[in-house]
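Single-structure report; data block below.
The values are calculated or read from the model by the stated rules, or taken from the named source; none is laboratory data. Every value quoted in this text rests on a predicted model; they were computed, and no experiment measured them. FYI the Cβ positions are ideal-geometry reconstructions off the backbone, even for glycines, and counts take in every protein chain you see.
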Amino acid sequence: MPSIAAFHPQIVHFAVALLAIGVVFRLVSLTGRLAFTSHAASALILIGTIASVLAVKSGTDAHGPVERVPGARSAVTEHEEWGIRARNIFIGVSALELIVLILGTRMPKQARVFAMGAAAIGVVGVGAIYQAGEHGGQLVYNHAGGVGIRSGNPQDVGNLLVAGLYHQANLDRQAGKGTDGAVLIDLAATRFPENLELQLMSIEWTTEVKKDPADALRRLDMTTVPGTDTRLRIRAAMARSSALAASGNMEAAKQVLLTLKGEFPTSPQIQRRLDELSK
């Protein structure tokens, strides 16, 4: 069977939704109300179990590159083990559901016994699904498991690198280690020179953190902002104004903002900065 690693997130969400709703329907069917829920429960659980088998397969296909990330192996293993447990439990539940369908209305009392067993074990299965999801969330959000590599597109890895450098830089800055953070922002800007947002961020940090407005102005003079990108045009002008103000040239800093305000008179960001410079 070919690798289905790239489809793991989609398959998992289908499996979780189908199985959870299927178990709820099975529980409702035991009340004797809403007769349709019995057949619906069987259908949802059977289809969800097939999805769970594919979810485990896709996860197994995807785990190699993820578990080689330093520190991620145990998270991968725990997620995988809970996923397998959930799959196995629902294979058993599906067997009971098939018996319920076979017995049907011919042997309703016996069918109800098997339905009760399916419901009880199904609840345990939902617990296993929760644990698999919890460990999967830790893998993705705590270890960036699969992030940047799922599609096979090298650009996604670059996006992951930018995100990691950005978040670490902000943490450094909050911890009073702004210079260390600025090194990371500059590293990202150097690594991805075509990313204009990164270039402007690096320039902003040059003024605010590195306290070198002269270098910030020099770099702004070398930076071309597309005239069609309003957001980046405003950001670049704000960065220039801040650098001029940090250099002691308050009048020039205000003039940059006044010119900008003439073009974007309703911008609260520009007005707020003008008010700050006027204090």
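Only one of A41, A35 is free of Cβ contacts under 8 Å to residues at least 12 places away in the same chain and either hydrophobic (A, V, I, L, M, F, W, C) or buried (at least 20 other Cβ atoms within 10 Å of the Cβ) (or both); which? Lay out the reasoning, then the answer.
On the way: A41 fails: free of Cβ contacts under 8 Å to residues at least 12 places away in the same chain.
Result of the check over A41, A35: A35.
Assigned to a helix (DSSP H, G or I), among the aliphatic types (A, V, I, L, M) and in contact (Cβ under 8 Å) with a residue 24 or more places away in the chain: does that describe V24? So V24 does not fit the description; no.
Among the residues of region 189-232, those identified as charged (D, E, K, R) and in a loop (DSSP other than H, G, I, E, B) are E194, K210, K211, D212, D229.
Quick check on L258: is it in a helix (DSSP H, G or I) and surrounded by 13 or more Cβ atoms within 10 Å (Cβ to Cβ)? Spelling it out, it is not the case that L258 is in a helix (DSSP H, G or I) and surrounded by 13 or more Cβ atoms within 10 Å (Cβ to Cβ). Right, A246: surrounded by 17 or more Cβ atoms within 10 Å (Cβ to Cβ), within 21 Å of G181 (Cα to Cα) and either over 36 Å from the mean Cα position of the chain (by Cα) or at pLDDT below 95 (or both) or not? For A246, the condition - surrounded by 17 or more Cβ atoms within 10 Å (Cβ to Cβ), within 21 Å of G181 (Cα to Cα) and either over 36 Å from the mean Cα position of the chain (by Cα) or at pLDDT below 95 (or both) - is met.
Residues in region 136-149: is at least one part of a helix (DSSP H, G or I) and either touching a Phe, Trp or Tyr at 6+ places or on another chain (Cβ under 6 Å) or charged (D, E, K, R) (or both)?
Initially, region 136-149 is screened for residues part of a helix (DSSP H, G or I), giving 136-143.
Checking the rest, the ones that are also either touching a Phe, Trp or Tyr at 6+ places or on another chain (Cβ under 6 Å) or charged (D, E, K, R) (or both) come to none.
No: zero hits.
G71 passes every criterion in (1) closer than 19 Å to A144 by Cα; (2) assigned to a helix (DSSP H, G or I); (3) modelled with pLDDT under 95 apart from (2). Summed over region 150-166, the residues that are part of a loop (DSSP other than H, G, I, E, B) and among the polar types (S, T, N, Q) give a count of 2. Only one of the listed residues (R173, R218, R191) is surrounded by fewer than 17 Cβ atoms within 10 Å (Cβ to Cβ), modelled with pLDDT of 95 or more, farther than 26 Å from Q155 by Cα and charged (D, E, K, R). That residue is R218.
Screening region 125-137 for residues that are surrounded by fewer than 17 Cβ atoms within 10 Å (Cβ to Cβ) and either of a type in the set (A, V, I, L, M, F, W, C) or within 16 Å of H8 (Cα to Cα) (or both) and picking the one that is modelled with the lowest pLDDT gives G137. Do we have any residue at all in region 155-165 that's surrounded by fewer than 17 Cβ atoms within 10 Å (Cβ to Cβ) and over 15 Å from the mean Cα position of the chain (by Cα)? Yes: one or more hits.
The set of residues in region 118-152 being in contact with a Gly (Cβ under 9 Å, 6 or more places away or on another chain) and free of Cβ contacts under 8 Å to residues at least 24 places away in the same chain consists of V140, G148. In a helix (DSSP H, G or I) and over 30 Å from A253 (Cα atoms), is that true of V123? So V123 passes the test. In summary, K109 fulfils each of the numbered conditions (1) outside the structural domain of D215 (by TED's automatic domain parsing); (2) surrounded by 14 or more Cβ atoms within 10 Å (Cβ to Cβ); (3) not polar (S, T, N, Q) with the single exception of condition (2). Considering region 17-32, the residues that are under 26 Å from the mean Cα position of the chain (by Cα) and crowded, with 21+ Cβ neighbours inside 10 Å include one that is nearest to I129 (Cα to Cα), namely L19. Taking region 58-110 only, how many residues are more than 24 Å from the chain's Cα centre (by Cα) and charged (D, E, K, R)? The number of residues fulfilling the criteria is 5.
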